[in-house]
Every structure is written in C-alpha cells, then in structure tokens.
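The values are calculated or read from the model by the stated rules, or taken from the named source; none is laboratory data. Since we're looking at a predicted model, the values are computed, not measured. Here the Cβ positions follow ideal geometry from the backbone for every residue, glycine too, while neighbour counts run over all protein chains shown. These area figures cover heavy atoms from the full protein model, side chains too; ligands, DNA and RNA do not enter into them. Shrake-Rupley method; radii C 1.70, N 1.55, O 1.52, S 1.80 Å.
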Amino acid sequence: MRVARSSSALRNWLKANGFRLPDALATELRPYVTQRWEYVAIRLAPAAHGPLTGTLDPLRLSFASDRLVYPMRLSRLAKTSQSLGLYVLAPHRMEPRGALGGAEPEVFFAGRITPVGALRELGGNGRTFLTALDQNFPQPQRITGDHELRRTAADTPFQRVTYADVLLTVAGVPAWVLTVGGALLLLVAAAALVAVLHRHRPVPPPRPVSPPLT
C-alpha cells in the first residue's frame, strides 16, 4: 500500500505500473489524496497467461480508523443507475449519515447474530450486530460523497417481510370461481327445494259448518 501526495503522483505511479487511469477518475480521486488515503492496486494474472475465468476469492483488507466510511464518490462517474447492498458487522446497529444524493437507504435486516465460518473471523467469536441495507442511485452524477456510518440511538431489531400473493387454482380454474359458482348452485338448489316443498304441501280438508240455530 502507498500514500499518494497528489493526484498526479498517483496517476503517474499507476501508469508506470501498467494501470490506466481515466482523466475523470483522476479528478475524483483528488479528495482522497487530500485526506491522505492509502490505495491498493491489484493486478489479476491468470495462470499460464490464459483467459481469466471462474470465481475469485474475496480480498480481505484491515486497517485502523476512527471513522467507518464506505467509498461512494467514484460511483458518480457511472453512466447508468447504481444500486448498493451494504452489510455492516459492528457491536451495535449502524446507519448512514445521509442519502448522498440517492434514494433513502432502506434497512432490510438488523439484529444480533452469531457469526460462523469465515464470517466469524470478521465479526469476532461472540454475538455481533448485523445491519444490512440497500440503496438506489437513479442519477449517479448526484452522488455527493462517501457513506459514513454511525451508531443508531437504539439497537432495535428489524427484518423485512415480503408477502407474495398466489392465485389458487383447481384443474386450471381459479378457486374463487369454483367457490362463488358453488355458492350460487347451492342457493339455486335451495330455492328449487323450497318451491317443490311448497307445491306439494298437503291442503287440509274444509271444516264442517254447523247449521244455524233457529
């Protein structure tokens, strides 16, 4: 890792080592140079100089910092809309300080977890708080800086729930059609039964009339 003292020095170093840096990108790197950020340049070299195929193992970089920052500034050079999915492991629930010119960040999970496997190496041996959020940037050129995350006022757990409506069918026919149709048939059958019973109801014989007394 190297610390660049100017954006031109960074660009010259990258060029000397076989990296191409567009003019616009060099300009956007200037704030990071001013803040004396460190840069890591990685070159992927496939075995036997063949084509680069398959999956890549993730790179893990660690360093001390008094601020939790996720770089976003360079994304404003994109020509199409951008989306961000960010997972943060920390002792407490975290949140971005602002939207940075995009849509409001949405948390879809927040809660304490017990990391296992490779995640355990990142989150420690005990329980840690995972905050997962996503954000869309319909107009990347409006991005104003980098995401700085801070602790929330409370470690409130949250989990997004998605409901999916499924049309129930019977032999390809929507169940609601069969239900409504069946109810109508029952009503028709009941009405017909009442009419038949009324038609066949026995008529009582006339009561005898007593002759008048004289």
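Here the condition is being open to solvent by less than 70 Å² (accessible area, probe 1.4 Å), among the hydrophobic types (A, V, I, L, M, F, W, C) and either at negative phi or over 32 Å from the mean Cα position of the chain (by Cα) (or both); of 68, 14, 52, it holds for 14 alone.
Do you know which of the residues in the stretch 82-105 that are assigned to a loop (DSSP other than H, G, I, E, B) and touching a strand residue (DSSP E or B) at 6+ places or on another chain (Cβ under 6 Å) is most open to solvent (accessible area, probe 1.4 Å)? In this case the residue turns out to be 97. In the set (1) modelled with pLDDT of 60 or more; (2) of a type outside the set (Lys, Arg); (3) open to solvent by less than 60 Å² (accessible area, probe 1.4 Å), the condition left unmet by residue 168 is number (3).
Figure legend. Inter-residue proximity from the stretch 162-174: first residues outside any loop (DSSP other than H, G, I, E, B), second residues of a type outside the set (Ser, Thr, Tyr) and at pLDDT 70 or above, beta-carbon distance below 8 Å, spacing 6+ or different chains. Indicated pairs: 174/168.
In this structure, is residue 41 farther than 23 Å from residue 129 by Cα, surrounded by fewer than 14 Cβ atoms within 10 Å (Cβ to Cβ) and not β-branched (Val, Ile, Thr)?
Considered against the rule, which asks whether it is farther than 23 Å from residue 129 by Cα, surrounded by fewer than 14 Cβ atoms within 10 Å (Cβ to Cβ) and not β-branched (Val, Ile, Thr), residue 41 comes out as yes.
Checked across the stretch 106-114, the condition of being modelled with pLDDT of 95 or more, open to solvent by 70 Å² or more (accessible area, probe 1.4 Å), in a loop (DSSP other than H, G, I, E, B) and on the phi < 0 side of the Ramachandran plot holds for no residue.
Every residue, every condition in (1) at pLDDT below 65; (2) under 30 Å from residue 81 (Cα atoms); (3) in contact with a Cys (Cβ under 8 Å, 6 or more places away or on another chain), yes or no:
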position	(1), (2), (3)
122	no, no, no
136	no, yes, no
153	no, no, no
175	yes, no, no
181	yes, no, no
185	yes, no, no
198	yes, no, no
204	yes, no, no
214	yes, no, no
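Given the structure, is residue 34 over 22 Å from the mean Cα position of the chain (by Cα), within 23 Å of residue 148 (Cβ to Cβ) and open to solvent by 100 Å² or more (accessible area, probe 1.4 Å)? Yes; evaluated as a whole, the condition is true for this residue.
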